[in-house]
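Notes follow the structure.
The values are calculated or read from the model by the stated rules, or taken from the named source; none is laboratory data. Computed from a prediction, not measured in an experiment: that's the story for all the values here. When we count neighbours, we look across all protein chains shown, and the Cβ atoms used for this are built from the backbone with ideal geometry, even at glycine. When the accessible area is computed, the model is the full protein with side chains, heavy atoms only, and any ligands, DNA or RNA have been set aside. Shrake-Rupley method; radii C 1.70, N 1.55, O 1.52, S 1.80 Å.
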Amino acid sequence: MSQISYKDAGVDIDAGNSFVENIKPLVKSTKIPGVLGGIGSFAGAFELPKGFKEPVMLAATDGVGTKLKLAIDSGIHNTVGIDLVAMCVNDLLCNFGTPSFFLDYYATGKLDVKAATNVVAGIAEGCIQAECALIGGETAEMPGMYSHDDYDLAGFAVGVAEKSEMDRVSMVRAGDKLIALPSSGLHSNGFSLARKVLFEKMGMKFEDDFNGRALIETLLTPTRIYVKTFKELKNHIVALAHITGGGIVENLPRVLPENLRAEIKEDAIRVLPIFELISQHVEIEEMYRAFNMGVGMILVVKDKDVETVLAKAEGSYLIGEIKEGKREAILV
């Protein structure tokens, strides 16, 4: 009777081992003080940073969403890993946590070693930008769950904050100013809507020219990572909000107390061209709920610190103010 191997069932252990060898130097490139051991153990280890009076561990997890579909269909795999890291570490910053280490989960129907290596190269680059270490991950080859070319990503970031610095909401006051940190594009939100508008409604193609570059390059521009900016400006920031799914109007209220509202000057927002293109077929209110519109992070800053922040945060600009009123973010 003929015997069936794991490879016959669709799982190639040798390919998995080859992939691990490929990514070892990528993982090593992200090593920072605190990392204990290397890749290959059952768990990654990281020593708690010193210098905290009451250290609190923070954790964030996220994915890349249907932006992955564009990476898969275009064959461009080296940027979505940056998105994966960014979506997690940018969230940590909003609780005044600085990222320490990152782990990833890569699931696919059939492991394409080259594509998977490119994905992890992006993850490593994201970790370098975020000044954190990639200390582990998991690769799952699951035939029957995914088609051969499909894959999914999940990321997990862990950081540390000083307990006394975490409650930012209570520090926000009427009169505080709102400063925008520009996004690099769609980041990792709203791609189901963007794909429907651009490719189904408008009939555009990946290679179509958009502002001097291929449309797919604009769409796959990786999410901006704000860790270095946060570290430089931490002492000048009251609170900050990561503008992801839900846009400005749903994310900014998360850093406001019940008796204060955020007024955003709509005409001050530097809307990126890709959003102007999509808005030809989407109501403006829906645009502001689905997309960041060119604003990746909003800082709440005391009036006395505005000039310092604007001078040090590249591309930053004033977009509004905190005022008395019901807890909400409104465009005026």
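Under 8 Å between Cβ atoms, which residue pairs at least 6 apart in sequence (or on different chains) link something in segment 218-230 that is farther than 22 Å from G159 by Cα with a partner that is of a type in the set (D, E, K, R)?
Sorted first by the residue in segment 218-230, then by its partner, the pairs are L219/K67; L220/K67.
I need a count of the residues in segment 127-140 that are open to solvent by 30 Å² or more (accessible area, probe 1.4 Å) and outside any helix (DSSP H, G or I).
Within segment 127-140, residues that are open to solvent by 30 Å² or more (accessible area, probe 1.4 Å) and outside any helix (DSSP H, G or I) number 4.
If H148 meets every condition in (1) open to solvent by 10 Å² or more (accessible area, probe 1.4 Å); (2) within 26 Å of E217 (Cα to Cα); (3) at pLDDT 95 or above apart from one, which number is that one?
In the conditions (1) open to solvent by 10 Å² or more (accessible area, probe 1.4 Å); (2) within 26 Å of E217 (Cα to Cα); (3) at pLDDT 95 or above, H148 misses (3) alone.
In this structure, does L92 turn out to be more than 29 Å from S170 (Cβ to Cβ) and crowded, with 18+ Cβ neighbours inside 10 Å?
Taking the combined requirement at face value, the residue does not satisfy it.
Could you pull out every one of the helices (runs of 4 or more DSSP H) wholly within segment 10-126 that has 1 or more residues that are among the small types (G, A, S) and out of contact with any helix residue (DSSP H, G or I) (no Cβ under 8 Å at 6 or more places or on another chain)?
Ranges flagged: 13-28.
Could you run through segment 128-146 and say how many residues are under 15 Å from S100 (Cβ atoms) and in contact with a Leu (Cβ under 8 Å, 6 or more places away or on another chain)?
3
Residue by residue through segment 314-327, note down the ones that are open to solvent by 50 Å² or more (accessible area, probe 1.4 Å) and under 24 Å from the mean Cα position of the chain (by Cα).
Once the filter is applied, which keeps residues that are open to solvent by 50 Å² or more (accessible area, probe 1.4 Å) and under 24 Å from the mean Cα position of the chain (by Cα), segment 314-327 yields E314, L318.
Which of the residues belonging to segment 151-185 are open to solvent by 10 Å² or more (accessible area, probe 1.4 Å) and at positive phi?
G175
Conditions (1) under 19 Å from the mean Cα position of the chain (by Cα); (2) part of a helix (DSSP H, G or I); (3) loosely packed, with under 13 Cβ neighbours inside 10 Å; (4) modelled with pLDDT of 95 or more, marked per residue:
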residue: H187; (1), (2), (3), (4): yes, no, no, yes
residue: V197; (1), (2), (3), (4): no, yes, no, yes
residue: E200; (1), (2), (3), (4): no, yes, yes, yes
residue: F206; (1), (2), (3), (4): no, no, no, yes
residue: T223; (1), (2), (3), (4): yes, no, no, yes
residue: L233; (1), (2), (3), (4): no, yes, no, yes
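When you go through L70, L48 one by one, which is the residue that is under 19 Å from L219 (Cβ atoms) and not charged (D, E, K, R)?
Selected residue: L70, the only one of L70, L48 that is under 19 Å from L219 (Cβ atoms) and not charged (D, E, K, R).
So, in segment 90-148, of the ones that are more than 14 Å from the chain's Cα centre (by Cα) and of a type in the set (F, W, Y), which residue ends up nearest to N78 (Cα to Cα)?
It comes out as Y106.
When you scan segment 18-37, how many residues do you find that are under 14 Å from G137 (Cβ atoms), among the aliphatic types (A, V, I, L, M) and open to solvent by 50 Å² or more (accessible area, probe 1.4 Å)?
Number of matching residues: 1.
Count, please, the residues in segment 208-218 that happen to be part of a helix (DSSP H, G or I), touching a Phe, Trp or Tyr at 6+ places or on another chain (Cβ under 8 Å) and of a type outside the set (S, T, N, Q).
Here the count works out to 2.
Would you mind finding the one in D112, D62, D83 that is farther than 19 Å from M142 by Cβ, surrounded by fewer than 24 Cβ atoms within 10 Å (Cβ to Cβ) and among the acidic types (D, E)?
Testing whether each residue is farther than 19 Å from M142 by Cβ, surrounded by fewer than 24 Cβ atoms within 10 Å (Cβ to Cβ) and among the acidic types (D, E) leaves just D62.
Can you tell me which of (1) out of contact with any strand residue (DSSP E or B) (no Cβ under 6 Å at 6 or more places or on another chain); (2) not in a helix (DSSP H, G or I) is the one S164 doesn't meet?
(2)
I'm trying to understand the selection: among the residues of segment 117-141, which are touching a His at 6+ places or on another chain (Cβ under 8 Å) and among the small types (G, A, S)?
Scanning segment 117-141 gives a single hit, G122.
Could we say that G246 is modelled with pLDDT under 95 and either within 28 Å of V120 (Cα to Cα) or out of contact with any Phe, Trp or Tyr (no Cβ under 9 Å at 6 or more places or on another chain) (or both) here?
yes
Filter segment 288-308 for residues that are out of contact with any strand residue (DSSP E or B) (no Cβ under 9 Å at 6 or more places or on another chain) and either touching a residue at least 40 places away in the same chain (Cβ under 8 Å) or assigned to a loop (DSSP other than H, G, I, E, B) (or both); which is surrounded by the most Cβ atoms within 10 Å (Cβ to Cβ)?
My answer is N292.
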